[in-house]
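**Q** Structure below; questions to follow.
The values are calculated or read from the model by the stated rules, or taken from the named source; none is laboratory data. Keep in mind the model is a prediction, meaning the values are calculated, not measured. All Cβ positions, glycine included, derive from the backbone under ideal geometry; neighbour counts span all protein chains shown. Side chains are part of the model used for accessible areas, which takes the heavy atoms of the whole protein and leaves out ligands, DNA and RNA. Shrake-Rupley method; radii C 1.70, N 1.55, O 1.52, S 1.80 Å.
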Amino acid sequence: MAGAAHCSLQAKRLLLDPKFEGYKLSLEPLACYQLGLDAAVAEVQLRDDQYTLDHMRAFGMYNYLHLDSWYQDNVYYVDQFGRIMNLSVTLDTALQKPREVFRLPTDLTACDNRLCASMHFSSSTWVTLSDGTGRLYLIKSGKRGSSASEKWEIVFNEELGSPFIIAHSVSFVKCDAHSLAVLLLRIEKDELDTKGSGFHVTLEWVTVAERKEGDQRYEIVKRRVLQGKSVPHYAAIEPNGDGLMIVSHKAFTFMQNESDKLEENDDAKVSNEKKDPLYYWQQTEDDVTITVHLPPDITKDDIKIRFSPDNICVILKDQPPLMEGKLYSSVDHESCTWIIREDKSLEISLIKKNEGSRWPELIIGDTRGEFIMDSSQCSEIAESLMHLTSEVMNPNPEKENPPCNAQELEECDAFLEDGASLCRFDGDTLKVTHIINLGSNQYLFSVVVNPREMPCFCLRHDVDALLWQPHSDQPENMWEHIATFNALGYVQASKQDKKFMACAPDYSYAALCECLRRVFIYRQPTPLATVLYNRKEGRQVGQVAKQLVATLEASDPILGFQATSERLFVLTTKTLFLIKVNSGN
């Protein structure tokens, strides 16, 4: 990941509410409808050899209910007879029974090591489907959600090795040929892993394209495999098929074939040869000094340096820029100077605009220089960090600001995993181009807001839950903060039995369900129709956020959970529940 740009997520302050007072439990009744299923959902129990936490996350906590985001309130599931069943809702009081739209050609019970059947809606007319035995189907569905025009037709099917589930898929046109890219997830035995779980996770990125002969037949044109040591929280292909984004606790890397390995080894030999830094730089509280060793034939007239408040550009003798880029912080560009010293070195002086600030790097993302720190600066830094270290554990807890210790944290502030990262992989180079260290920003769930864009992901930021929309075509704004669910990060942490989380595509509410029966709904704050006072603080309350709780009349565990702008769909083994959350416009 040496060449990757290290980025950060920028929250929008206007979407944050520092004065949020919490959720008020509302006893308003929720309309709940239930439909009995003709046949049970095709649930696949974990086998004895699927004993790791990754197996539980990928397969044991699988969401068996599939929301078709291209059409409103349209859900699908697979029953035990291998039938793809659909429920399309227009009116809650006139619900139809789920109807069969397709039947898997294979006998699901014949495969001993099968996984659950999975599907993904690549476009408004294309579906990718797996039967759980290792076979991939590409389906041309027609316009879905209406029995008149929906007709599922197999366009491509092929055995792709060991069983997998479909993590994501996209449909796009490139070079005048229609293509589908599919992401397949597997957990495989790892004989070399003697100290860990004994398994590794693979993501296979398969591209299937229409043949050039024009006979409307499809064939696999590319297969690439990534490998990691944890099930990704989020994995999605960019809409144009050019890249891939993954949120995971442990890093993923592309597995290469032998010819690629030989090329990379040659590159590695070249890069391993020790190179001298291109430039050296020092700093004080007021300025930054850069030193560049010049070739013998360079004169003063050959040097061109451009200063601006935030950038620098150094060009020698009409060659490509020697140094160019955005400075770590602003400078007083009119006071910046440069000279050629007697030892034929170029010395550049930058005057800091913000005096006293310490720069961790000179040019953002440029690692070709070396920072030289003098002894007085080393002593100053060591002294400033002295209060963080002690030979005694919590030496003086009675003083005004005692050191923080783990006992001060509440149980719901503790994360199971720290150090998750978000990586963007380039489809051509197979290298990481962008990386974000998520740290304690715990991953919560993903949701499709716009089916033509990548799925959004929701992360905990402090006590809130922030929703982020990836934009693969906007390098300067690749991850946009689009919505906030106040205090949801804190609230969900206290729900120890939670199984699934979701939110409405219009952000009007977030919801979570437990393994059995209970569903919690958290509405966004809305203005009050009546006057309400906070007696403790003696001020008027302008708006209130409501929490609602629904208890399902079911003894079977919840297997699927999906949210639309109006409804929640909850699937158990033999029943599909609809909870009306918002009334339609």
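**Q** When the expected Rg is taken as 2.2 N^0.38 Å, what fraction or multiple of it is the alpha-carbon Rg of the range 40-132?
**A** After normalising by residue count via 2.2 N^0.38 Å, the value is 1.19.
**Q** Report Rg/Rh for the range 435-535, rounded to two decimals, where Rg is the Cα radius of gyration and Rh the Kirkwood radius.
**A** With Rh from the inverse mean 1/r over Cα pairs, Rg/Rh is 1.02.
**Q** Additional query: Output the relative contact order of the chain, whole-number percent, from Cα pairs under 8 angstrom with separation of 6+ residues.
**A** So the answer I get is 14 percent.
**Q** Right, something else. Could you work out the relative contact order of the range 280-368, using alpha carbon pairs under 8 angstrom and six or more residues apart, expressed as a whole percent?
**A** Worked out over the range 280-368, it gives 33 percent.
**Q** Moving to a separate point now. Can you work out the accessible area per residue across the chain, with the rest of the protein chains kept in place, probe 1.4 Å, in square angstrom?
**A** On a per-residue basis, 54 Å².
**Q** A follow-up question, please. Which order do you get for 291, 194, 572 if you rank them by accessible area with a 1.4 Å probe, largest at the top?
**A** Values: 291 35, 194 120, 572 0 Å².
The ordering from most to least exposed comes out as 194, 291, 572.
**Q** In degrees from 0 to 90, rounded to the nearest 10, what is the angle of the helix 375-385 Cα long axis to the longest principal axis of the chain?
**A** 30
**Q** Can you send over the carbon and sulfur percentage of the accessible area for the range 280-368, probe radius 1.4 Å, protein chains only?
**A** The value for the range 280-368 is 46 percent carbon and sulfur by accessible area.
**Q** Given the whole protein assembly as supplied and a 1.4 Å probe, what does the accessible area of residue 121 come to in Å², nearest 10?
**A** Estimated to the nearest 10 Å², residue 121 gives 20 Å².
**Q** Using the Kirkwood formula on the Cα atoms of the range 182-258, what hydrodynamic radius do you get, in angstrom to one decimal?
**A** Working: mean 1/r = 0.0710 Å⁻¹.
Here the Kirkwood hydrodynamic radius works out to 14.1 Å.
**Q** Whenever you get a sec, compute what percent of the accessible area on the range 428-531 sits on carbon and sulfur atoms (1.4 Å probe).
**A** 47
**Q** Give the value in nm², to one decimal: projected area of the alpha carbon convex hull of the range 478-522, averaged over all directions.
**A** Answer in nm², one decimal: 3.7.
**Q** What is the range 1-145's relative contact order, in percent, from Cα pairs under 8 angstrom and six or more apart in sequence?
**A** 16
**Q** Dividing the Cα radius of gyration by the Kirkwood radius, what Rg/Rh value follows for the range 428-470?
**A** On the way: Rg = 12.5 Å, Rh = 11.9 Å.
Across the range 428-470, the Cα-based Rg/Rh ratio is 1.05.
**Q** At a probe radius of 1.4 Å, what is the per-residue accessible area of residue 230, in Å² to the nearest 10?
**A** Accessible area of residue 230: about 10 Å².
**Q** Looking at the range 157-210, which trypsin sites (Lys or Arg not before Pro) are in a loop (DSSP not H, G, I, E or B) and have at most 10 other Cβ atoms within 10 Å?
**A** Those that pass, being in a loop and sparsely packed, are 195.
**Q** How many angstrom lie between the C-alpha centres of the range 129-188 and the range 438-453?
**A** After rounding, the separation between the Cα centres reads 23 Å.
**Q** Each residue of the range 57-68 in turn: what ³J(HN,Hα) in whole Hz from Karplus with 6.51, -1.76, 1.60 and θ = phi - 60°, glycine and Pro shown as x?
**A** Along the range 57-68, the couplings run 5, 7, 10, x, 9, 5, 8, 7, 9, 10, 8, 8 Hz.
**Q** Which shape class, rounded, prolate or oblate, goes with the range 280-368 when its Cα gyration tensor gives a ≥ b ≥ c as root eigenvalues, a/c under 1.5 marks rounded, and past that a/b bigger than b/c marks prolate?
**A** It is prolate, given that a/c is not under 1.5 and a/b is the larger ratio.
**Q** Let me ask something else. Can you list the trypsin sites (Lys or Arg not before Pro) in the range 21-76 that are in a DSSP coil and have 16 or fewer other beta carbons within 10 angstrom? Spell out each step's value before the answer.
**A** Details: sites: 24, 47, 57; in loops: 47.
Sparse-neighbourhood loop trypsin sites (Lys or Arg not before Pro): 47.
**Q** Now for a different question. Would you kindly work out the equivalent ellipsoid of the range 22-84 from its C-alpha gyration tensor and give its semi-axes, the square roots of five times the eigenvalues, largest first in whole Å?
**A** 28, 21, 13
**Q** May I pose another question? Express the Stokes-Einstein translational diffusion coefficient of the chain in µm² s⁻¹, to the nearest whole number, given a Kirkwood radius over alpha-carbon pairs, 10 °C and a viscosity of 1.306 mPa s.
**A** Here the translational diffusion coefficient equals 57 µm²/s.
**Q** Pairing the Cα long axis of helix 258-272 with the longest principal axis of the chain, what angle in degrees results, from 0 to 90 and rounded to the nearest 10?
**A** 30
**Q** Then there is this: So for 333, 461, what's the accessible-area order with a 1.4 Å probe, most first?
**A** Largest accessible area first, the residues go 333, 461.
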